[in-house]
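The block underneath contains the structure these notes are about, expressed in structure tokens.
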Amino acid sequence: METQVLEIRGFKVFRGALDRDRQAAMAEDIRAVAGAAPPFSPLTPWGKPMSVRMTSAGRYGWYADRRGYRYVPEHPDGQPWPPIPDSVLAVWDQVTGLERRPDCCLVNHYGPKARMGMHQDRDEADFTWPVVSISLGDDGLFRIGGDTRGGRTESVWLQSGDVVVMGGEARLKYHGLDRIRPGTSTLLPGGGRINLTLRVVD
Ligand code: SIN
Ligand code: FE2
């Protein structure tokens, strides 16, 4: 499979980075993660449930409620998060070449109507580490902004098997997911889209 690299405002988009077999193996691994740590809808600081259902793997999971956004060492049910699957760590190794490995793999499940508003990823201690994003399942319209909220944006459809590296000048740029295109992939038995983001937390 040919991988094309597209760069938009410092976001490196590796199109087709994962062939179908790797996507399928990863989807199975993520099903097991979701089995051990059931996805839930975190609350925004305004008390409204997010449309995206989330869970995590790794030493830390990302969590949100009325008190704000933060990393926590346990699932809300009190269990530690399951380990990050090797199939996922292999992608981190492949695209970053870093010795240090991520502490958290945030798993976002998008149903047909789910979206993610424009935000920065800034709950981590050190922004010199990149964030790596992996897309599985249906296409998702990813929007890229600037270093502050508002202003002009650019959008790109992310497909199953695409990997995005947000590092350097892109690390603190606003981004979000406007919508998915239901039924564009046969990878996930229940349809929808899964996005994995790998982060070094502390
Ligand atoms: C995110 O930035 O948290 C999600 C990005 C995506 O779903 O592609
Ligand atoms: Fe993000």
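Determine if the range 144-153 includes at least one residue that is under 14 Å from the mean Cα position of the chain (by Cα) and in contact (Cβ under 8 Å) with a residue 12 or more places away in the chain. Scanning the range 144-153 turns up no residue that is under 14 Å from the mean Cα position of the chain (by Cα) and in contact (Cβ under 8 Å) with a residue 12 or more places away in the chain.
Comparison of V164, V200 shows that the only residue that is within 20 Å of A17 (Cα to Cα), touching a residue at least 12 places away in the same chain (Cβ under 8 Å), surrounded by 15 or more Cβ atoms within 10 Å (Cβ to Cβ) and of a type outside the set (S, T, N, Q) is V164. If you go through the range 93-103 one residue at a time, do you hit one that is within 26 Å of V33 (Cα to Cα), surrounded by 13 or more Cβ atoms within 10 Å (Cβ to Cβ), under 14 Å from the mean Cα position of the chain (by Cα) and at pLDDT 95 or above? Yes: one or more hits. Could you list all residues from the range 167-196 that are within 14 Å of M116 (Cβ to Cβ) and touching a Gly at 6+ places or on another chain (Cβ under 9 Å)? Scanning the range 167-196 gives Y174, H175, G176, L177, D178, R179, I180, G192, R193, I194, N195. Kindly indicate whether any position in the range 15-22 is within 16 Å of ligand 2 (Cβ to nearest atom) and in a strand (DSSP E or B). Checking the range 15-22: not a single residue is within 16 Å of ligand 2 (Cβ to nearest atom) and in a strand (DSSP E or B). If the condition is being surrounded by fewer than 18 Cβ atoms within 10 Å (Cβ to Cβ), within 14 Å of V33 (Cβ to Cβ) and in contact with a strand residue (DSSP E or B) (Cβ under 8 Å, 6 or more places away or on another chain), then the range 60-88 contributes P80, P83. Within the range 181-194, the only residue that satisfies the criterion of being within 16 Å of ligand 2 (Cβ to nearest atom) and open to solvent by 10 Å² or more (accessible area, probe 1.4 Å) is I194. A single entry from W129, W157 fulfils the requirement of being open to solvent by 20 Å² or more (accessible area, probe 1.4 Å), within 14 Å of ligand 1 (Cβ to nearest atom) and in contact (Cβ under 8 Å) with a residue 12 or more places away in the chain: W157. Of all the listed residues (A25, A64, A57), the sole one being in contact with a helix residue (DSSP H, G or I) (Cβ under 6 Å, 6 or more places away or on another chain) and part of a strand (DSSP E or B) is A57. For the residues R152, R143, R122, the requirement of being charged (D, E, K, R), at pLDDT 95 or above and in a strand (DSSP E or B) singles out R143. In the range 58-74, the residues that are over 26 Å from S87 (Cβ atoms) and of a type in the set (D, E, K, R) reach residues that are at pLDDT 95 or above and open to solvent by 30 Å² or more (accessible area, probe 1.4 Å) with C-beta atoms within less than 7 angstrom, at least six apart or across chains, in these pairs: R70/Y63; R70/D123. Among the residues of the range 168-184, those identified as assigned to a loop (DSSP other than H, G, I, E, B) and within 14 Å of ligand 1 (Cβ to nearest atom) are R171, L172, K173, Y174. Among the conditions (1) within 16 Å of ligand 2 (Cβ to nearest atom); (2) open to solvent by 10 Å² or more (accessible area, probe 1.4 Å); (3) closer than 21 Å to R53 by Cα, L172 misses just one, which is (3).
The values are calculated or read from the model by the stated rules, or taken from the named source; none is laboratory data. The structure presented is a predicted model; accordingly, all values stated were derived computationally and were not measured. When we count neighbours, we look across all protein chains shown, and the Cβ atoms used for this are built from the backbone with ideal geometry, even at glycine. What goes into the accessible areas is simple: the full protein's heavy atoms, side chains included, and nothing from ligands, DNA or RNA. Shrake-Rupley method; radii C 1.70, N 1.55, O 1.52, S 1.80 Å.
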